[in-house]
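Structure record follows, encoded as structure tokens.
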Ligand SMILES: CC(C)(COP(=O)(O)OP(=O)(O)OC[C@H]1O[C@@H](n2cnc3c(N)ncnc32)[C@H](O)[C@@H]1OP(=O)(O)O)[C@@H](O)C(=O)NCCC(=O)NCCS
């Protein structure tokens, strides 16, 4: 099998575009997940489904037309106030430059998530970048980041770090983070 790879851009000065995902973005979402090297990579079909059926709650960041970051999320059926981040990823060469925060801000601003006052996500105990990102997002909005037990290690069918649930909010509609 020959895999199509995403080119890793080196310049952070080129402007970025943020938009909701389209059905044709499924392959790019999968490629970014794979390129991060950290995210649990699911089947390509899974990403095609998300881009198609949940595209309005997924975000793609592009640089000169190339996808370089993404947020895959959905509205939580039993918690209509909450928008859940399933996966957020930035290509390795662009990590640590504030893009993760920008992705979350643009994702939260998607019209399909406009009424959500909480952002939730499970954050593995062994993923410091993800922990920092979500705690920083909460601090930037001056709201709580409640952390509670959610998916424990014994719930997984294989070795896996626990995934506590982070619930951030209440966020005000249309607010920007503190400077
Ligand atoms: C998590 C991720 C999306 C954050 O995006 P980013 O653009 O790198 O993050 P930012 O530059 O906005 O920084 C957010 C915080 O993460 C920290 N961070 C970024 N990369 C890090 C790393 N490799 N190790 C530890 N902390 C890291 C930053 O220092 C910052 O924390 P601070 O405010 O305390 O300084 C990105 O690092 C990534 O794609 N990681 C791989 C995929 C992943 O683990 N996704 C999360 C699970 S769904």
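Of 130, 28, 13, the residue with the greatest mean-square motion in the GNM of the chain, using alpha carbon springs below 10 Å, is 13. If both residues of a DSSP beta bridge must be in the chain, then about 90% of such bridges are antiparallel. Of the candidates 26, 98, 55, which one comes out as most mobile in a Gaussian network treatment of the chain with C-alpha springs shorter than 10 Å? Maximum fluctuation in the GNM of the chain, among the listed residues, is at 98.
Hydrodynamic radius of the range 27-92 by the Kirkwood approach over all distinct alpha-carbon pairs: 12.2 Å.
Computed on the Cα atoms alone, the convex hull of the range 16-169 gives a volume of 111 cubic angstrom per residue. If you run the Gaussian network model on the chain, springs between alpha carbon atoms under 10 Å, then out of 164, 128, 23 the most flexible one is 128. Among 63-76, 101-114, 34-47, sorting by the average number of other beta carbon atoms lying within 10 angstrom of each residue, highest first, gives 63-76, 101-114, 34-47.
Throughout, read-outs are computed from the coordinates displayed, never taken from laboratory work. These figures come from a predicted structure and were not determined experimentally. Positions of Cβ are generated from backbone atoms using ideal geometry, with glycine treated the same way; all protein chains shown enter the neighbour counts.
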